[in-house]
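A.B. asks: Have a look at this one.
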Amino acid sequence: MIKSELVQRIADRNPHLYLRDVEKIVNAILDEITKALSRGDRVELRGFGAFSVKRRDARLGRNPRTGAHVPVEEKSVPFFKTGKEMRERLNEGYLD
Amino acid sequence: MVKSASSEAEISASSPKENSTVESQTLTRVNLAEAVYRSVGLSRKESAALVQMVLSELSDTLVKGETVKLSSFGSFIIRSKAERIGRNPKTGIEVPITQRRVLVFKPSNVLKARVNGQTVAEEEE
């Protein structure tokens, strides 16, 4: 599923909303999460999961092709931890 | 509007302006609903319901094993893991870890750049 399909599915269930408004709604949600992470904040969505930012220290990396050492600067990476309910739902009836 | 788990402690000391603390805050559905409320002319109640609807749609799709790709945000991917032998780190006793499905989030380059204070042109699907 891609974003336009998500928007379409939500719109199908809300006939009183314009498609473009549903698009705004989905973007508002994703933008809010992005903004929070760019401030270094966490977003915890019970039952689904939590978004946070992890810091990666500077390190000496290597160019895999040449083997040359290259310094990699300290950076932050977005991180998602699956929520408990989601983890359980993924495996209900999955075990053979 | 941004409610924080850590705000109680510093509410008296910090300036009245919200969101001005250095400490990291935790946002919840409430904050996402507020963002939806500001973006479209819906009631707060309906905004909150829509946030939940979006999250449910994402969850239901993933539970079916389908990947979700959200352009300029990231992808949620389901991986199937085979059974393997694990070890209780405290006791050292070997225990079987059953086969399972896990959800991984792969952030887009746009999101990765934003988290590092950079901006990047939109790309990818």
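The values are calculated or read from the model by the stated rules, or taken from the named source; none is laboratory data. Small disclaimer: the values here were computed from a predicted structure and weren't measured. Glycine also receives a Cβ, built like all others from the backbone with ideal geometry; neighbour counts cover every protein chain displayed. Keep in mind that these areas ignore ligands, DNA and RNA; they rest on the heavy atoms of the full protein, side chains included. Shrake-Rupley method; radii C 1.70, N 1.55, O 1.52, S 1.80 Å.
A.B. asks: Within the stretch A:33-87, how many residues are hydrophobic (A, V, I, L, M, F, W, C), within 9 Å of chain B (Cβ to nearest Cβ) and in contact (Cβ under 8 Å) with a residue 12 or more places away in the chain?
C.D. replies: Within the stretch A:33-87, residues that are hydrophobic (A, V, I, L, M, F, W, C), within 9 Å of chain B (Cβ to nearest Cβ) and in contact (Cβ under 8 Å) with a residue 12 or more places away in the chain number 12.
A.B. asks: Right, here's the next one. Check whether at least one residue in the stretch B:58-72 is within 16 Å of the chain's Cα centre (by Cα), surrounded by 20 or more Cβ atoms within 10 Å (Cβ to Cβ) and either assigned to a loop (DSSP other than H, G, I, E, B) or of a type in the set (D, E, K, R) (or both), and report yes or no.
C.D. replies: Yes, the stretch B:58-72 contains at least one residue that is within 16 Å of the chain's Cα centre (by Cα), surrounded by 20 or more Cβ atoms within 10 Å (Cβ to Cβ) and either assigned to a loop (DSSP other than H, G, I, E, B) or of a type in the set (D, E, K, R) (or both).
A.B. asks: Here is a follow-up. Output the residues belonging to the stretch B:77-108 that are basic (Lys, Arg) and more than 7 Å from every other protein chain (Cβ to nearest Cβ).
C.D. replies: B:Arg79, B:Lys81, B:Arg84, B:Arg87, B:Lys90, B:Lys106
A.B. asks: Also, quick follow-up: Regarding A:Ile2, is this residue within 7 Å of chain B (Cβ to nearest Cβ) and closer than 14 Å to B:Leu50 by Cα?
C.D. replies: Against the criterion (within 7 Å of chain B (Cβ to nearest Cβ) and closer than 14 Å to B:Leu50 by Cα), A:Ile2 does not qualify.
A.B. asks: Here's a check for you: in the stretch B:79-115, which residue that is aliphatic (A, V, I, L, M) and within 28 Å of B:Lys69 (Cα to Cα) is surrounded by the fewest Cβ atoms within 10 Å (Cβ to Cβ)?
C.D. replies: Filtering first and then ranking leaves B:Ala82.
A.B. asks: Checking A:Arg20 against (1) part of a helix (DSSP H, G or I); (2) at the interface with chain B (Cβ under 8 Å from one of its Cβ atoms): exactly one of these is not met. Which one?
C.D. replies: For A:Arg20, the exception is condition (2).
A.B. asks: Something else about it: Answer yes or no as to whether A:Leu30 is in contact (Cβ under 8 Å) with a residue 40 or more places away in the chain, closer than 15 Å to B:Gly74 by Cα, within 13 Å of the chain's Cα centre (by Cα) and assigned to a helix (DSSP H, G or I).
C.D. replies: Against the criterion (in contact (Cβ under 8 Å) with a residue 40 or more places away in the chain, closer than 15 Å to B:Gly74 by Cα, within 13 Å of the chain's Cα centre (by Cα) and assigned to a helix (DSSP H, G or I)), A:Leu30 does not qualify.
A.B. asks: Moving on. Exactly one condition in (1) within 8 Å of chain A (Cβ to nearest Cβ); (2) touching a residue at least 12 places away in the same chain (Cβ under 8 Å); (3) of a type outside the set (Lys, Arg) is false for B:Val63; which is it?
C.D. replies: Condition not satisfied by B:Val63: (2).
A.B. asks: Here is a list: A:Lys75, A:Lys84, A:Lys35, A:Lys54. Which entry is more than 24 Å from B:Asn109 (Cα to Cα) and either open to solvent by less than 90 Å² (accessible area, probe 1.4 Å) or modelled with pLDDT of 95 or more (or both)?
C.D. replies: Unique residue meeting the criteria: A:Lys84.
A.B. asks: Going residue by residue through the stretch B:75-88, is there one that turns out to be within 15 Å of the chain's Cα centre (by Cα) and of a type outside the set (S, T, N, Q)?
C.D. replies: yes
A.B. asks: While we're on this one: Looking at the structure I just gave you, is A:Arg42 open to solvent by 60 Å² or more (accessible area, probe 1.4 Å) and closer than 20 Å to B:Ser108 by Cβ?
C.D. replies: In short, yes.
A.B. asks: I'm trying to understand the selection: among the residues of the stretch B:27-43, which are in a helix (DSSP H, G or I), more than 7 Å from chain A (Cβ to nearest Cβ) and farther than 10 Å from A:Ala28 by Cβ?
C.D. replies: B:Val30
A.B. asks: Among the residues of the stretch B:110-125, which ones are at negative phi and within 11 Å of another protein chain (Cβ to nearest Cβ)?
C.D. replies: Result: B:Val110, B:Leu111, B:Lys112, B:Ala113, B:Arg114, B:Val115, B:Asn116, B:Gln118, B:Thr119, B:Glu125.
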